[in-house]
Every structure is written in C-alpha cells, then in structure tokens.
Amino acid sequence: MSAVAHAPQDGHAPDQSKRDFLKLVAASSAAIGVGALAWPLVDSMNPSSDVLALSSVEFDLAPVPVGQAVTVVWRGKPVFVRHRSPAEIKTAEGVKLSDLGDPASDDSRVKAGHSQWLVVVGICTHLGCVPLGNKTTEARGDYGGWFCPCHGSQYDVSGRMRHGPAPANLAVPPYAFMTDSRIKIG
C-alpha cells in the first residue's frame, strides 16, 4: 500500500485556520474553567473579616491615670496597658539582671521616649491564666506588678517574671505610638 494524501473531493485543501481557532477557544475555555474552580479554593485560605478586624487595635491612652492599668483585647487576648509612675519606672530600672529568671532590661520592654507606658500580653507564661493587678483593689504580688492567682507567679512593673513557676516574662506585643496619647497594637 502506498501512502497517498487524500484531498477533499471538491479539490480544496482543508482549512487550517478553523482548526487552530477551535484549539485556541478550547484551550482558553479550559484555562478559564480551571481558574474559576481554583479561585474559591485560594480565596478560602485568606483570613476571614472578623480575624482581620482583630489584627490590630488602636487605643487612646489619655484616660489612663498614672499608676493605673487597663485591659485591651487584641486577637482575643488580654493586653495590659499600664501608665507607670516615676517611682515604678525607677524601681524597674534598678533591678539587677542577675536577679531575674528571664533577664530583660526595662528599656528593652518599653518604647524609647515612652517609658511611662508598658504594654504586655496579659497571659501568664506558666499555664495561660490571666494575672491580677490591673485594678488597684487586686493583688499585685511582692513586686508591685501582676500576680497570677492560679499558681502564684509574680511579675514586676516591667512585666518580668520575678517569682513562681512561670518560665518567662509577660510577652510584649508589637505596638507603635501613633501620637503621644494613642497607640496601635498589632
């Protein structure tokens, strides 16, 4: 048998441009279909709006009197914002690092130029209880900071662990001063 190219009976060559066009349309439709199926999957991996709403919190510091602390909720966690008195700052700066279980200077836990404000996550580093000490009527422990009622951990006015089973200092969340009286946590 011989390989003979068959020509259409009317004597015309097949139209290549129609075939190329159909291939292009089919490939484009397949790409759009894959994209339409993949988009919801990729979009479902983005954080939801309620999570994005909690990603940062702005807080006005003006109403917080010297020596007092308030609790702000950030990402579902309590954050203690304390307006420290000059005596509290002096006490915190005077602590020897060798006396601390988790050594950290007071300067490393506050923002430069704003040492009167301490911002820490209010969760005990032992087992996750919320320490007492934000209200003047609550126990603050022997170091004037916070006292964890669950197992007796005590923190100083810089949020550093001073006594008890807690293995570390209270965490300092990411925050920035927007103005002298307004901060953004997160």
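Tabulated data
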quantity	calculated
Computed E for Lys77/His163 - FRET, C-beta separation, R0 22 angstrom, nearest 0.05	0.40
Segments 146-154, 38-46, 122-130, 99-107 sorted - mean Cβ within 10 Å per residue, highest first	146-154, 122-130, 99-107, 38-46
Vicinal HN-Hα couplings computed from phi for region 60-77 (Karplus, 6.51 cos²θ - 1.76 cosθ + 1.60; Hz; Gly/Pro x)	8, 7, 3, x, 8, x, 4, x, 10, 9, 10, 10, 10, 9, 9, 6, x, 10
Count, lysine Cα pairs under 23 Å in the chain, 8 or more residues apart or across chains	8
Listed residues Ala139, Ala171, Ala31, most fluctuating in the chain (Gaussian network, C-alpha, under 10 Å)	Ala31
Neighbour-limited loop hits for trypsin sites (Lys or Arg not before Pro), region 82-114 (at most 16 other Cβ within 10 Å; DSSP other than H, G, I, E, B)	Lys96, Lys111
Net charge contributed by nearby residues that have their C-beta within less than 13 Å of Val130 (K/R +1, D/E -1)	+1
Rounded Å value of the spacing that divides the Cα centres of region 125-148 and region 50-103	12 Å
Fluctuation leader among Leu118, Leu97, Leu37 - the chain, Gaussian network, Cα springs under 10 angstrom	Leu37
Long-range amide H partners of His163 with built H, under 5 Å	Gln154
Cα gyration tensor shape for region 125-176, rounded if a/c is under 1.5, else prolate or oblate	oblate
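Rule-based calculations on the coordinates, nothing more; no lab input. Note that this is a predicted model, so its numbers are computed, not measured. Every residue, glycine among them, receives a Cβ derived from its backbone with ideal geometry; neighbour counts consider all protein chains shown.
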